[in-house]
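Quick note: the coordinates plus some simple rules give every number you see, no bench work behind them. All figures in this text were calculated on a predicted structure; none of them were measured in a lab. Heads up, the Cβs are rebuilt from the backbone with ideal geometry, glycines too, and the neighbour counts pull from every protein chain shown.
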Amino acid sequence: MGAPFDRPGPFMSDQLSFDGDYQDVWKRVRDELATSLSKAKHTTFVKPLALDVRGQDSVALKGSNFVIEGLRRHDIAPLIEGLFERHAGRRISIEFLSVPVERAVPLAPSPVAREVAEVRVPPETFENFVVGRSNELAFNAARRVALEPGERYNPLFIYGASGLGKTHLLRAIQNEVRRIHPTLVVRYTTAQEFGEDFVAALQHGRIHAFRSKTRSVDVWLLDDIESIANRDKTQEEVFHAFNSLHHDGRQIVIAANRPPRDLYAVDERMRSRFEGGLLADIMPPETETRNRILQAIALREGAECPPEVTEWIATHASGNVRTLIGAFNRVIASASVRGCPVDVDLARSVLSSHFGEDAEAARVSGDRIIDACCAYFGVPRGALVGASRVKDLVRARHLAMFILREDAGES
């Protein structure tokens, strides 16, 4: 049996003359990437790639769908293209090609890797983000940023509890900017990944290349900023990158699980910079929005789920949007396994152990907390769960969020 990437045909003998050269170039590119990327990224997205020489100025890098998507998602693909051209001494056309997992690497992948590679997750866009009163400000600001990067709301700081859609909005900005502003360089990264790449660059003497890469973007999307709490050197690097990009009019979007003033373990100078832009909070969605989220998922996945069932789940499921979706998936899966229709009785049976009396008590407790905050500040309940930025409303909203998160265990 021949090599997995043999290409029989009239050009095979010609290709053999430079196949070895390109393999050498690829080895040098891999070695350089090992010093500029974190070990986790290099191991996950670079090492599994296989080079396929197609012509004098054309090669393909093959990997699983998971690997190829990761190269694009983490902006490693353009880095590979630049390094390949530099080491080859001329422009080379590189195709990043997704192939079946069994052909991606010499060794058969593990069952877990194969399962991950086969997952198809729809891209995060503004179109598939369900908008309600709880997230309207953040949604509209994010969309404006994508349409006019650097023109308004710079920086944009989006905050809210886990699982409410912050990452979805950052990814939607990334996808929309790439669609309507294809010449702009947009980069999404978590603060944790930024810190790992920063440390790797320091260890391998690549700090200048790291800073050049970070500060040459047109749109910088930094997620989970709270993850670098108490990491002074990483915070210092983020601070200087922020200043450089902001000075040049580049768009910056930050996401966190709380407002800047509550990021106590983050440098005060950074908190001040964040507060200089637009602060957009995302609250837990109200029942109507939760119901529309479930209906959108049912439509997207072709699941037959009557409106009264999504409404029941939306009303009784506590927790964040991820918890809500998990509850919906359990009901649909149970109906499939049992071969029965999806109805409210099934939903109640399947989810009783997850919600039941404790969840109902927590929901009532949450309602009482919100009512108490409204009474204390003298604001109507409908306004508190809306998007108004009136000072007393914002203070009441933040207090309710804090108590719900810390005392009631809600998000």
TODO: May I ask you to compute the full-extension gain from residue 212 to residue 30, defined as 0.36 nm times their residue separation minus their alpha-carbon distance, rounded to one decimal in nm?
DONE: 63.6 nm
Open item on the list: If I model a spin label as a point 7 Å beyond the Cα along the Cα-Cβ vector, how far apart are those points for residue 272 and residue 240 in nm?
Closed with: 1.9
- [ ] Please find the FRET efficiency linking residue 125 to residue 308, where r is the Cβ-Cβ separation and R0 is fixed at 30 Å, and quote it to the nearest 0.05.
- [x] 0.55
Task: Whole-number D in µm²/s for the stretch 287-354 (Stokes-Einstein; Kirkwood sum over Cα pairs; 20 °C, 1.002 mPa s) - done: 185
Task: Diffusion coefficient, µm² s⁻¹, Stokes-Einstein with Kirkwood Rh over alpha-carbon pairs of the stretch 199-268 at 37 °C and 0.692 mPa s - done: 253
